[in-house]
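The values are calculated or read from the model by the stated rules, or taken from the named source; none is laboratory data. Quantities reported herein were computed from a predicted structural model and do not represent experimental measurements. Reconstructed Cβ throughout: ideal geometry from the backbone, glycine too, with neighbour counts over all protein chains shown. Remember, those area values only see protein heavy atoms, side chains included, never the ligands or the DNA or RNA. Shrake-Rupley method; radii C 1.70, N 1.55, O 1.52, S 1.80 Å.
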Amino acid sequence: NAGVTQTPKFRILKIGQSMTLQCTQDMNHNYMYWYRQDPGMGLKLIYYSVGAGITDKGEVPNGYNVSRSTTEDFPLRLELAAPSQTSVYFCASSSQGSAYEQYFGPGTRLTVT
Amino acid sequence: GQSLEQPSEVTAVEGAIVQINCTYQTSGFYGLSWYQQHDGGAPTFLSYNALDGLEETGRFSSFLSRSDSYGYLLLQELQMKDSASYFCAVRVNTGTASKLTFGTGTRLQVTL
C-alpha cells in the first residue's frame, strides 16, 4: 500500500494564480482531510470529507474549495492565490470509526509570491 | 471552539524520561491523540486516550484526565531519534463527523 500520496511536493505560485493540490489514498478510508501548517505552528483543518460526495468546512476554509467524487481522491483547489496561503499542506485519511488515528501524506510546500 | 495548550520547547538528555503536558478546553470531547512530526516530515500517530488513565506503547505512554481536561505524553529511554515536534489533538464530535483539533506542538530536543 502506498498510503496517502500528494502531488506536487513543491510549488511556487504568483499572486492571483490558481492550482489544484492532489491527494489519493489506497486504504479505502471513508474520511479524508486537508490541513495547512504554517511554520512553527500546529495543523489547521481546511476541509474534510466523510465519504464520496460529502464535504464540509473546517476551521480555515476561505480561499479553498474541495470535491470528493471517489473514495480515493480528495483534491484541494486554490483560487486566486494570496501570500497568506503560503504554507505546507497535508492531506490525511482515516477510517470512519478511527478519526483519532489519521494517516498523513508527505505534504505540499506552497509559496505564493 | 477548542483551545489546547502545550509547552513550546522541551530539552532532555539521551536515556532520560520526559513528559509533555497538554491542557484543553473544548465541547464535544471524545478523546486525546498524540502525533510526532520530524522536521520536514509528516505527522505520524502515536497514541490515543478516550478514557481516564495511562496507555502504554513501548517507550511511549499517554495519560488522560477528563475531569482535569489534561493529558500528557511520557517518553522513556530517550533516543536521539526522538528529537521532533509532538502535537496533542482533541477529538471532537460535530454531529456529522469526528474531527481533530491540533495544539501548536512541543519541540523536543534530545541531547547527549
Which one of A:15, A:3, A:104 has its Cα pushed farthest toward the positive end of the charge dipole of chain A, where Lys and Arg give +1 and Asp and Glu give -1 at the Cβ? A:15
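Which value, in square angstrom to the nearest 100, describes the accessible area buried between chains B and A on both sides, using a 1.4 angstrom probe?
On the way: alone 6050 and 6050 Å², together 10460 Å².
Summed over both sides, the interface buries about 1600 Å².
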Please work out the C-alpha center-to-center distance from region A:67-113 to region B:1-53 and express it in whole Å. 22 Å
Taking the C-alpha atoms of region A:1-46, how large are the radius of gyration and the largest Cα-Cα span, Dmax, in Å? 13.0, 37
Which three semi-axes in whole Å describe the equivalent ellipsoid of chain A, each the square root of 5 times a Cα gyration tensor eigenvalue, listed largest first? 22, 14, 13
Members of region A:19-55 that become less accessible by 50 Å² or more once partner protein chains are added (1.4 angstrom probe, chain alone as reference): A:43, A:48
With the dipole of the protein assembly as shown worked out from charges on the C-beta (+1 for Lys and Arg, -1 for Asp and Glu) around the Cα centre, which of B:24, A:24, B:62 lies farthest toward the positive end? A:24
Normalised by the residues of region B:1-106, what does the relative contact order come to in percent, with Cα pairs under 8 Å and at least six apart? 34 percent
What residues of region A:69-113 lose no less than 20 Å² of accessible area with every protein chain in place versus their chain by itself (probe 1.4 Å, heavy atoms only)? A:90, A:99, A:100, A:101, A:102, A:104, A:109
Enumerate the lysines that residue A:57 could reach by cross-link, defined here as Cα to Cα under 25 Å, with residues fewer than 8 away along the same chain left out. A:9, A:44, B:99
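Let me spell out the model: positive unit charges on the Cβ of Lys and Arg, negative unit charges on the Cβ of Asp and Glu, origin at the Cα centre of chain B. What dipole size does that give, in debye rounded to 20?
On the way: 6 positive and 10 negative charges, 67 e Å.
Charge dipole of chain B: 320 debye, to the nearest 20.
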Once chain B is represented by equal point scatterers at the alpha-carbon sites, with solvent omitted, what log10 I(q)/I(0) does the Debye formula produce at q = 0.12, 0.13, 0.18, 0.22 Å⁻¹? -0.39, -0.45, -0.84, -1.21
On average, how much accessible surface per residue is there in the protein assembly as shown, in Å², for a 1.4 Å probe, leaving out ligands, DNA and RNA? 46 Å²
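Can you pull out the GluC sites (Glu not before Pro) in region B:22-112 that DSSP calls coil and that have at most 11 other Cβ atoms within 10 Å? Write down the numbers at each step before the final one.
On the way: sites: B:55, B:56, B:77; in loops: B:77.
In loop regions of region B:22-112 (DSSP not H, G, I, E or B), the sparsely surrounded GluC sites (Glu not before Pro) are B:77.
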Not counting the cut sites, what is the longest span of chain A without trypsin sites (Lys or Arg not before Pro) that DSSP labels loop and that have at most 16 other Cβ atoms within 10 Å? A:15-113
So the carbon and sulfur contribution to the accessible area of the protein assembly as shown, 1.4 Å probe, in percent, is 49 percent
